[in-house]
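Worksheet: one structure, shown below.
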Amino acid sequence: MPLGAFLATWPSAIFLLVHLLVFLLASFFAFRGFGAGNDVLGWGFTLLALAQLCYVAYDLEVVVVLLAHGLAELVEVAGLGFLFAGAGLTLAAPKRPEV
């Protein structure tokens, strides 16, 4: 029995719900990132939200599994790259004293 075989017994509605919740969270954080003026973080969370939509497309059986998961992983890795870059740029920004 493979390690995650018990997940195959769960209904697909659970996976759909999880991916939709993560999509809503990523969309909220993208909105907050753009609103705070940090476009790199905004785009990172936007890409993570798009990756979740790819997973939803798989859960609804709209696309083939390899296409959906491959595309979702690619978009997710790009989103994580944007998030790390945005966080790094925010932390490395020079702090200028007020005059």
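The values are calculated or read from the model by the stated rules, or taken from the named source; none is laboratory data. Nothing here was measured: the structure is a model prediction, and the numbers come from that model. Reconstructed Cβ throughout: ideal geometry from the backbone, glycine too, with neighbour counts over all protein chains shown.
Which residue, of LEU47, LEU66, is without any contact (Cβ under 8 Å) to a residue 60 or more places away in the chain and in contact with a helix residue (DSSP H, G or I) (Cβ under 6 Å, 6 or more places away or on another chain)? Steps first, please.
Details: LEU66 fails: in contact with a helix residue (DSSP H, G or I) (Cβ under 6 Å, 6 or more places away or on another chain).
Matching residue, one of LEU47, LEU66: LEU47.
Yes/no matrix, rows are residues, columns are (1) acidic (Asp, Glu); (2) in contact with a Leu (Cβ under 9 Å, 6 or more places away or on another chain); (3) not in a helix (DSSP H, G or I):
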residue	(1), (2), (3)
ALA13	no, no, no
LEU17	no, no, no
LEU41	no, yes, no
ALA49	no, yes, no
CYS54	no, yes, no
ALA72	no, yes, no
GLU76	yes, yes, no
VAL99	no, no, yes
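Restricting LEU41, LEU24, LEU71 to those that are modelled with pLDDT under 90 and under 30 Å from THR90 (Cβ atoms) reduces the list to LEU71. Of the residues making up the stretch 30-39, one or more are in contact with a Leu (Cβ under 6 Å, 6 or more places away or on another chain), touching a residue at least 12 places away in the same chain (Cβ under 8 Å) and closer than 19 Å to ALA87 by Cβ. For the stretch 54-73, residues that are under 11 Å from the mean Cα position of the chain (by Cα) and surrounded by fewer than 18 Cβ atoms within 10 Å (Cβ to Cβ) total 1.
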